[in-house]
1. Determine whether segment 52-75 contains at least one residue that is surrounded by 15 or more Cβ atoms within 10 Å (Cβ to Cβ), within 12 Å of the ligand (Cβ to nearest atom) and farther than 30 Å from Ala24 by Cα.
2. Can you list residue pairs whose Cβ atoms sit under 7 Å apart, with the first residue in segment 55-71 being part of a helix (DSSP H, G or I) and the second being of a type in the set (D, E, K, R)? Count only pairs 6 or more apart in sequence or on different chains.
3. So, of the residues in segment 87-109 that are of a type in the set (Asp, Glu) and assigned to a helix (DSSP H, G or I), which turns out to be nearest to the ligand (Cβ to nearest atom)?
4. Mind checking which pairs have a first residue in segment 4-30 that is aromatic (Phe, Trp, Tyr) and a second that is surrounded by 11 or more Cβ atoms within 10 Å (Cβ to Cβ) and not in a strand (DSSP E or B), Cβ under 7 Å, 6 or more apart or different chains?
5. Taking segment 110-137 as the region of interest, how many residues are under 30 Å from Arg97 (Cα atoms) and either of a type in the set (Ser, Thr, Tyr) or not in a loop (DSSP other than H, G, I, E, B) (or both)?
6. Only one of these conditions is not met by Cys79: (1) among the hydrophobic types (A, V, I, L, M, F, W, C); (2) within 30 Å of Ala106 (Cα to Cα); (3) modelled with pLDDT of 95 or more. Which number is it?
7. Scan segment 17-42 residue by residue and report those that are within 16 Å of Ser60 (Cβ to Cβ) and modelled with pLDDT under 95.
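The values are calculated or read from the model by the stated rules, or taken from the named source; none is laboratory data. Owing to the predicted nature of the structure, the values given are computational and were not obtained by experimental measurement. All Cβ positions, glycine included, derive from the backbone under ideal geometry; neighbour counts span all protein chains shown.
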Amino acid sequence: MKLRHITLGFEKRLTDGAYGSELASAVLEAELDLGDDEDDAAVALMAQARTFVEAQLQQSRSFAVRSHVEPPERRCSRCGEVLPDHLRGERHTQCPRDQAAASPTALLEAMVAARGGPRELPPPAPDDGLELEELPF
Ligand SMILES: [Zn+2]
C-alpha cells in the first residue's frame, strides 16, 4: 500500500519567564505522487513546520522566549570549547586543559578527538627536481 497523503503537526510552547508562555504551531499537508519517497517527504515537511514555528517565536517581544528558540552555545569555563548537550555542568568532566598539565600530547589528542578525529593532510606537492637555491623567488 502506498502512502498518498501526509499531515504533520509541530508545536512549541516556550515560557516567557514571567508566568506566561507563548505557543506557535503549524499543521502541514502534502500529497505524494507515485515515486515520491515517503520518508524524505515527511522529513522535509517536519523541517518546514519547525522552521515556520521557530521563526514565529523568534519574533516574540520576550527575550526569554527568543533565547529558548536559539539557546546560546555553552562553553567550558576552563578550556573554552563548546560543551556537548549531555554535559550539564559548566565545564568538561575531563577537561583537555587539565589533561594538558599531565601531558601536552594528551591535550592535542583530546582537541583532535573533540573536532571529530584527525584530518587527512593534502598530498605533498610533486618534486620538481629543483634544489632550494635554484627556485625562482
Ligand atoms: Zn574544558
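1. No: segment 52-75 contains no residue that is surrounded by 15 or more Cβ atoms within 10 Å (Cβ to Cβ), within 12 Å of the ligand (Cβ to nearest atom) and farther than 30 Å from Ala24 by Cα.
2. Short answer, once both residue conditions are applied: Leu57/Lys12; Leu57/Glu22; Gln58/Arg66; Ala64/Asp16; Val65/Asp16; Val65/Glu22; Val69/Glu54.
3. Kept after step one, since they are of a type in the set (Asp, Glu), are these residues of segment 87-109: 90, 98, 109.
In the following step, the residues that additionally are assigned to a helix (DSSP H, G or I) were identified as 98, 109.
On the way: Asp98: 8, Glu109: 14 Å.
Of everything passing the filter in segment 87-109, Asp98 is nearest to the ligand (Cβ to nearest atom).
4. Correct list of pairs: Phe10/Met46; Phe10/Ala49; Phe10/Arg50; Phe10/Val53.
5. Within segment 110-137, the first condition is being under 30 Å from Arg97 (Cα atoms), and the residues that meet it are 110-122.
From the residues that got through so far, the ones that are either of a type in the set (Ser, Thr, Tyr) or not in a loop (DSSP other than H, G, I, E, B) (or both) too are 110-114.
Matching residues across segment 110-137 total 5.
6. So the condition that Cys79 fails would be (3).
7. Within segment 17-42, Gly17, Ala18 meet the criteria.
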